[in-house]
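The values are calculated or read from the model by the stated rules, or taken from the named source; none is laboratory data. Just so we're clear, the structure is a prediction, and the values are computed from it rather than from any experiment. Cβ: placed from backbone, ideal geometry, glycine included. Neighbour counts: every protein chain shown.
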Amino acid sequence: MFTMRLDDMDRVLREALHQEVSETAYRIEGLEDRITASLSGRAPNPGFLGALKQLLAPSTGGRVAQLAVVGATAACFLLVGALVVPRVAPTAQPDAAQGLRSALDREDATLFLVPAPGAESVTVLGNFNGWTATPLSDPDEDGIWTATIELPPGRYEYAYLVDGRWWGQDPLADEYVRSFGEYNSVRYVERVGDGA
């Protein structure tokens, strides 16, 4: 059986490492010169910001043309915005917003809200209603379904049914639990002014 002392092992390792470094050191010599020579023929890519700086850089006689192009572009964007925004921007629906505000003004009201554009029906079910479906409504047909339910303080598990499909991970939930292979959302309801 071969045994070696730590001092001998240290010396053998040091010699092996020194030999390996000595054998490959020639590769490092002149490395910087080889890299510089390799890169010297390449032109740097200015990228988007570099091209923009070049466009806006002062040049003899070109400054007026550059400003004209920028001004014309801005005018086109303003014109397109003025024509498109009135057709695209949603019209204000003060009645729906007022109804939502008045529902939330009640001290024990809990808002359930689901973004489900194109859905035919959305319901919420949970331990607060015996896991029976309570319908949500979308009176302005914007795809945001809501229901306000009066709940006393406590911990409530719930899920939504969107067109009959289980949707248990509400992004507005406080946490999630997995029961019987499906996720349920959890919401904690506290009294107004409890510091929650």
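Just a few scattered comments:
Okay, residues lined up against (1) of a type in the set (Asp, Glu); (2) assigned to a loop (DSSP other than H, G, I, E, B); (3) in the same structural domain as residue 112 (by TED's automatic domain parsing); (4) closer than 14 Å to residue 111 by Cα:
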position: 130; (1), (2), (3), (4): no, yes, yes, no
position: 149; (1), (2), (3), (4): no, no, yes, yes
position: 155; (1), (2), (3), (4): no, no, yes, no
position: 166; (1), (2), (3), (4): no, no, yes, no
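- Of everything listed in (1) surrounded by fewer than 16 Cβ atoms within 10 Å (Cβ to Cβ); (2) in a loop (DSSP other than H, G, I, E, B), the single unmet condition for residue 170 is (1).
- Applying the set (1) closer than 14 Å to residue 111 by Cβ; (2) touching a helix residue (DSSP H, G or I) at 6+ places or on another chain (Cβ under 6 Å) to residue 140 leaves exactly one unmet item: (1).
- Helices (runs of 4 or more DSSP H) wholly inside segment 1-116 containing at least 2 residues that are more than 42 Å from the chain's Cα centre (by Cα) and either of a type outside the set (Gly, Ala, Ser) or modelled with pLDDT of 65 or more (or both): 6-24, 31-39
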